[in-house]
């Protein structure tokens, strides 16, 4: 890569944990019920998933959050963002360019209701705004 | 407010080649159409998703899909230019695209599918399609200034 940036790994860890914790809140106390309803998930489906074991899913999600935070940190540094609000702008663009179009496929092609998309996509919006802000302000 | 405006200005300060963005978006659409056609994985996808056809309003779906592809190409060219500068090579463009795919698509779409408790093959078809598509878009956007 042509340009080298210095990554603050503490900021990456904190940003990843924030994203992960937000997800845990978002899909339980905040919108857990609405999400299950919109995704047409029955109690039986949830219980079957519980039986198969959920632990590996949470581990995988945590790994995913680190990956996202680490790569977002590079984008934020490349754009030269130093302030929380600048980082939020960077996070917003990544959200608009990747999460909004990619998640829309579930509504367009897989017949998921719009409400389901809305719950997922707003989670990523809040998550990326927070991560972008943290990664820019704490560089 | 001032820093917010600075942020907006900063992100728009790149000069982008709109024709390259349109062509990259077209590549995304064409690869997707091929990927989900009966020639490649269309039949497997229909079995996995339980859907038979697109039904009514397919025209609107394709239009929205085109908007989605344009959004991806527009942000991807920024990611490439910010990371590798104006002299980005094809290899660098593909690398940045691949890294963005890993950080935002693989990790981003994963939980959505993980917690749905349904056929995981839908996720793999999709994510593999986007990998091929991102690499092609990265090559186009990096080389076509």
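Here are a few things to note about the model shown:
- Residue within segment B:67-76 that is farther than 19 Å from residue A:76 by Cα, out of contact with any helix residue (DSSP H, G or I) (no Cβ under 9 Å at 6 or more places or on another chain), surrounded by fewer than 20 Cβ atoms within 10 Å (Cβ to Cβ) and within 11 Å of chain A (Cβ to nearest Cβ) present: no
- Qualifying residue in segment A:41-61 (condition: at the interface with chain B (Cβ under 8 Å from one of its Cβ atoms), surrounded by 21 or more Cβ atoms within 10 Å (Cβ to Cβ) and in contact (Cβ under 8 Å) with a residue 12 or more places away in the chain): no
- Leading residue by the ranking (surrounded by the most Cβ atoms within 10 Å (Cβ to Cβ)) among those in segment B:4-24 that are in a helix (DSSP H, G or I) and at pLDDT 85 or above: B:24
- Within segment B:89-105, the presence of at least one residue that is touching a helix residue (DSSP H, G or I) at 6+ places or on another chain (Cβ under 7 Å), surrounded by fewer than 19 Cβ atoms within 10 Å (Cβ to Cβ) and in a loop (DSSP other than H, G, I, E, B) is confirmed.
- Put simply, of A:30, A:72 the only residue that is more than 10 Å from chain B (Cβ to nearest Cβ) and either under 30 Å from residue B:84 (Cβ atoms) or at pLDDT 90 or above (or both) is A:30.
- Hits in segment A:93-139 (condition: at pLDDT 95 or above, more than 7 Å from chain B (Cβ to nearest Cβ) and closer than 20 Å to residue A:7 by Cα): A:127, A:128, A:129, A:130, A:131, A:132, A:133, A:134, A:135, A:136, A:137
- Applying the criterion of being within 7 Å of another protein chain (Cβ to nearest Cβ) and part of a helix (DSSP H, G or I) to the residues of segment B:106-119, the residue that is nearest to residue A:54 (Cα to Cα) is B:114.
- Selection within segment A:1-23: residues that are farther than 20 Å from residue B:104 by Cβ and free of Cβ contacts under 8 Å to residues at least 40 places away in the same chain. The member of this set that is farthest from the chain's Cα centre (by Cα) is A:2.
- Which listed residue, of B:79, B:27, is surrounded by 14 or more Cβ atoms within 10 Å (Cβ to Cβ), modelled with pLDDT of 85 or more and within 16 Å of residue A:99 (Cα to Cα): B:79
- Within segment A:5-19, the set of residues being surrounded by fewer than 21 Cβ atoms within 10 Å (Cβ to Cβ) and within 11 Å of residue A:131 (Cα to Cα) comprises A:11, A:13, A:14, A:17, A:18.
The values are calculated or read from the model by the stated rules, or taken from the named source; none is laboratory data. Predicted model only: the values in this text are computed from it and were never measured. When we count neighbours, we look across all protein chains shown, and the Cβ atoms used for this are built from the backbone with ideal geometry, even at glycine.
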